[in-house]
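Peer 1: Here you go, one structure.
The values are calculated or read from the model by the stated rules, or taken from the named source; none is laboratory data. Everything numeric here is computed off the predicted structure, so don't read it as measured data. Don't worry about glycine lacking a Cβ; one is built from the backbone with ideal geometry, like all the others, and counts go over all protein chains shown. Note: accessible area is taken over every heavy atom of the protein model, side chains too, but ligands, DNA and RNA are not part of it. Shrake-Rupley method; radii C 1.70, N 1.55, O 1.52, S 1.80 Å.
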Amino acid sequence: MSSSKTLRKLEVVSPVPADIDIANSVEPFHISEIAKELNLSPNHYGLYGKYKAKVLLSVLDELEGSRDGYYVVVGGITPTPLGEGKSTTTVGLCQALGAFLDKKVVTCLRQPSQGPTFGIKGGAAGGGYSQVIPMDEFNLHLTGDIHAITAANNLLAAAIDTRIFHESTQSDKALLNRLCPPNKEGKRSFSDIMFRRLKKLGISKTRPEDLTPQEVKKFARLDINPVSITWRRVMDVNDRFLRKITIGQGPEEKGMVRETGFDISVASEIMAVLALTTSLADMRERLGKMVVGNSKAGDPVTADDLGVGGALTVLMKDAINPTLMQTLEGTPVLVHAGPFANIAHGNSSIVADKIALKLVGQGGFVVTEAGFGADIGAEKFMNIKCRYSGLTPQCAVIVATIRALKMHGGGPEVVAGKPLDHAYLTENVSLVEAGCVNLARHITNTKAYGVNVVVAVNKFATDSEAELNAVRNAALAAGAYDAVICTHHAHGGKGAVDLGIAVQRACENVTQPLKFLYPLDISIKEKIEAIARSYGASGVEYSEQAEKQIEMYSQQGFSGLPICMAKTQYSFSHNASEKGAPTGFVLPIRDVRGSIGAGFIYPLVGTMSTMPGLPTRPCFYDIDVDTATGKTAMVDSPTTPTQPSSSSSFTKAELKTTSFSFFFFFFTSSKKKTTAFAYGFMFAFLAFTIFLVFYPPWYSSPPFKKIFHSSPSSSYRSHFSSIFSHLLPNSSHQGILRTHDAFNTTFQLSRKNPFPGKIEGIDGSSESLSGADRNGSSNGSLSSFPDVPRFSQGNGNLKGNNTLSASSPSVHVPILSLSQESNQTENWNRSSKSSLKDTHSGKNILGLENNEQDGFRKNSVSLGEKQGKQREPELMNACDIFDGMWVRDDANYPLYPPGSCPHIDQSFNCFLNNRPDNGYEKYRWQPKGCNIPRLNGLDMLELLRGKRLVFVGDSLNRNMWESLVCVLRNSVEDSSRVFEASGRREFRTEDSYSFIFKDYNCSVEFFRSPFLVQEWEIPNMGGSKKETLRLDVTERSLDKYISADILVFNTGHWWTHEKTAKGAGRWNSGGQCDGEIEPIMNKAYLGKYPAKMRILESIIKGMKTPVFYLNITRMTEFRKDAHPSFYRKKNLTEEEKKLQMRHQDCSHWCLPGVPDTWNELLYAQLLVLQQKQQR
């Protein structure tokens, strides 16, 4: 999180509550605090209550010489009627940039209309944990800008009909006398605004009495043709019955009856003017130039002709100032303007963007949203908004959802207010892939403007990994700079950090200038046809009315304006039912109209509704006020499951059919994450634990049984049951977990037992399965204390000073604790000298003698070659492999060339970050009296063939995961056959990653999970909350990795015990280690063995599941030389160097480096198990 005073940490819960509940759960900062973070003084803004302020345009004058920040626009694919979350993504992205990536950022959003808020769409403040707050104030009234537009629009409408009425009853001279009444001295004069009309008419006279009769007629009589009037009245409510009305039916307006209608306020041209204006003076000119109709002679009649331009500007003078608000996480938001995205350009204001770009400054970010799909909103952003603003965007984000892509791939119709079809709730990769043609065209079109395109996949709870991967692959293939899966709805800015990183890189690496789709000096038709081609049309067809209008606007001198196409948002074509990326259609232009003051011509493709109607069940059913608190209450509609969520969240329907019968255990403390972590978490610090599932999932290949099972009658325990063996000691297990019996839940977590026999329950009971009964049972125990019995003979596991007794050789694979705290050792039975054979060549691959240890670590090529006699895991059983020392080995280390692996996080890549020494790369671990094998990548890939190896933990486990990926990648001939499944190149922020080794059909994966159980809160006295761990609820991603063949849980946190006990401690607060270039060589200088490690070891003591505990605490403590320190980034500025020096990373490890040795221990354990199974 950033150090900004106005940034807050969200406490997210799952399932995601209603938007209004989330919004009301957060007390906004006083808006003056948000303004202060932007370096705005009270002179720069005017307060509108506690949580809103109008930022004055004078800020632009004061910051005129400042450099602009990066400019990002958010658009979307062709949407469903439910919307795909552009506003939510925009807010989530900004929360990620500001609250997590420490960037100066301003969100620029349109002000929503009250009509949809009370109608069917609901509010537009974002959603879930990515919202603008206060949400109710954002959606209703705000600072009154839309009301000002409504008043100004209707004043102009009244002026039009009044002028027609008075002209119909008066002579030219009478009109002039009333327009220019005499003053007290009896003199007549023109008002200032009248000189605008005189100038337009070419009349240079300054006194009314000097006008000739012909000039009087031209000046005083507008002679508006009622049929030509395009200006309609507006109101900010959805009211279908005002779409067409008749006016002039009063008794005093006889003969003045005409048909007209109401539009919704945001459809007013005044809204478009507000959005496209660049200054108060510019707005005055634009308002005055608005054309309301034509004279009977065919001349355009403007607001200034009616004399109302100045009055309109007065009504709008406060509305021109953007409104400052905030997100849930305290990042600033400028809300301004909200023009329609069909008959107008659908973007927030230019002045808000300009102010924001100056406020964030160079290196900061301004993110704005474009309405509807990118074919409409982003196209108009580029060709209209950027033309008038002179601003150049660096990046465009295209928001996509699996739901919308399925629709474009041929899925059933999506109807707002109705439950989604089953096709949208279940996996269908082919449907998604078919729909990606829509995404691909949006990417291609948007890239043509010269910006880098980043695709943001707004993840829903029903989306599968395969579907998400299909979208990402399609996006990259279509030319996207990057494609990122986002969970900002469920997790706030944290769920969009990857997106923020991708956007930052896209902005920093843009190489092309802004390109427009068409020049302004071509004809209106040529511009229309250029846009139509971008839709996929083969041609354009103009109605007779459209032809007349194009000719009229051309004659009136408006052909040089840009085009604002008004078409359906639900298809590239004019037909909303044509999904995907249609081609070859002819685009029909029904009519052509002009918003001359705003500055564009808008052709009508089909019929456009500018006054929405209300549905059968409008949203106002769910809006009320809490009369006790005065707060607004808005309830999510129960019939429209439109909100995305994390994959771990349940929908409301799922909650109705899922019941949990858990025991609740809480360990609380006044210090955050202290005792709860130390005593509640079943695995402690600074060690990593390997859980091996000794049977393949139903889709795994049979050979894995041979590697990790001695016989079909072997018993087993799953990694999942090992977790619950401490939470629910009386539960019984079958497969992974008998969830139906143990938890009375329909949440399926179990797999079929591949081995017949009896499965022993944790309580000692057994359950018969088909096949032969099991021989014997386990009563094994394990502890770190000296009086615990040693391993029985015949167990082929790595030797440590902590051992397990087993009464039968047929027990499940034993648990092993490898602790180096005691110097006691015991030789294992080494009577069996049979070497492990290469299953392909038949050569010995394990056969090390003591006198061959010097040659043990020579570079190896393949199984059985050069190492045939040198890899005897038996010898590892003869000693405590964690009792040893670090030995420099320049000939054989590191395991891969420094700087050669592209999959190392920048912060771990000390070599590329210009660390001057390299000794930390060249050390190997040498136990006393035995050896561990050098990690042979090809051998390990053979062991993993067809399997999943998953690391689960925090950043230290990511350290180890990246190490193994790099070692294995370095061993293959074709590195292009090694890739991250989703194409990701940044590995810090997403919840999971998976590297595929194509030639071995295996994956090496990482799931971020600091705890194996869920973090929680319980109320404390005084209304505060205590942070705890829910020991009865596993962490949310568990169901994604329970099918893994090998699980590595690394509990080596940067949270040291001392820091945690103080309620503090960050990865970059580990002291000073920049001057360390050699390991500690004397044990006397090591710290005291952490007492809290005994917690872990005492817990493992009672476990009956095949767990292998490799305690790396002591051996790793020697390596004070191998931390990144301040070599976490290259080309540091002087200020960054000072900051890095103060906050060094003495917790993680450089790569290549220490984590490579951890992986060698993992490799050695797998070899031992393989040998055991082949005996």
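Peer 1: Among 445, 485, 429, whose Cα sits farthest toward the positive end of the charge dipole of the stretch 406-488 (+1 at Cβ of Lys/Arg, -1 at Cβ of Asp/Glu, about the Cα centre)?
Peer 2: 445
Peer 1: Highest mean first, what order results for 1002-1010, 1034-1042, 420-428 on Cβ atoms within 10 Å?
Peer 2: Going from most to least packed, we get 1002-1010, 1034-1042, 420-428.
Peer 1: Counting only heavy atoms of the protein chains, get the accessible area per residue of the stretch 289-369 (1.4 Å probe) and round it to a whole Å² value.
Peer 2: Working: 1570 Å² over 81 residues.
Per residue, the stretch 289-369 has an accessible area of 19 Å².
Peer 1: Shifting gears a bit: Given H placed on each backbone N at 1.01 Å, which residues far from residue 236 in sequence or on other chains put an amide H within less than 5 Å of it?
Peer 2: 265
Peer 1: Antiparallel DSSP bridges in the stretch 345-482: what percent, to the nearest 5? Don't skip to the end; give the middle numbers.
Peer 2: Values: 1 of 8 bridges.
Counting only bridges with both partners in the stretch 345-482, antiparallel ones make up about 10 percent.
Peer 1: When Lys and Arg each count +1 and Asp and Glu each count -1, what net charge do the other residues less than 14 Å away from residue 277, Cβ to Cβ, add up to?
Peer 2: Details: positive: 284, 286, 289, 317, 354, 385, 387; negative: 145, 269, 282, 285, 318, 353.
Summing Lys/Arg as +1 and Asp/Glu as -1 gives +1.
Peer 1: What is the stretch 155-285's relative contact order, in percent, from Cα pairs under 8 angstrom and six or more apart in sequence? Don't skip to the end; give the middle numbers.
Peer 2: Numbers: 107 pairs, mean separation 24.9, N = 131.
Here the relative contact order equals 19 percent.
Peer 1: What percentage of the solvent-accessible surface of the stretch 389-449, computed with a 1.4 Å probe over protein heavy atoms, is contributed by carbon and sulfur atoms?
Peer 2: Working: 1150 of 2190 Å².
C and S fraction of accessible area: 53 percent.
Peer 1: Could you work out what % of the accessible surface of the stretch 4-96 is carbon and sulfur, using a 1.4 angstrom probe and leaving DNA, RNA and ligands out of the count?
Peer 2: The computed percentage sits at 49.
Peer 1: Report, in listed order, any pair from 418/567; 354/380; 218/289 with a Cα-Cα distance greater than 26 Å.
Peer 2: Over 26 Å apart, Cα to Cα: no pair at all.
Peer 1: Another question about this same structure. Of the peptides 518-528, 132-142, how do they stack up when ordered by the mean number of other Cβ atoms within 10 Å, highest first? Please report the intermediate quantities before stating the final value.
Peer 2: Details: 518-528: 15.8, 132-142: 22.7.
In decreasing order of mean packing, 518-528, 132-142 become 132-142, 518-528.
Peer 1: Does the stretch 147-193 come out rounded, prolate or oblate, given a ≥ b ≥ c as the square roots of the eigenvalues of its C-alpha gyration tensor, rounded meaning a/c under 1.5 and, failing that, prolate meaning a/b above b/c?
Peer 2: Details: a/c = 3.83, a/b = 1.56, b/c = 2.46.
Judged from the Cα gyration tensor, the stretch 147-193 comes out oblate (a/c at least 1.5, b/c at or above a/b).
Peer 1: With a ≥ b ≥ c the root eigenvalues of the C-alpha gyration tensor of the stretch 190-303, is it rounded (a/c under 1.5), prolate (a/b larger than b/c) or oblate? Walk me through the numbers before you get to the answer.
Peer 2: On the way: a/c = 2.75, a/b = 1.34, b/c = 2.06.
It is oblate, given that a/c is not under 1.5 and a/b is not larger than b/c.
Peer 1: In addition: Sort 541-549, 67-75, 1130-1138 by packing, meaning the average of other beta carbons within 10 Å per residue, with the highest value first. Write down the numbers at each step before the final one.
Peer 2: Numbers: 541-549: 15.1, 67-75: 24.4, 1130-1138: 10.9.
Descending mean neighbour count gives 67-75, 541-549, 1130-1138.
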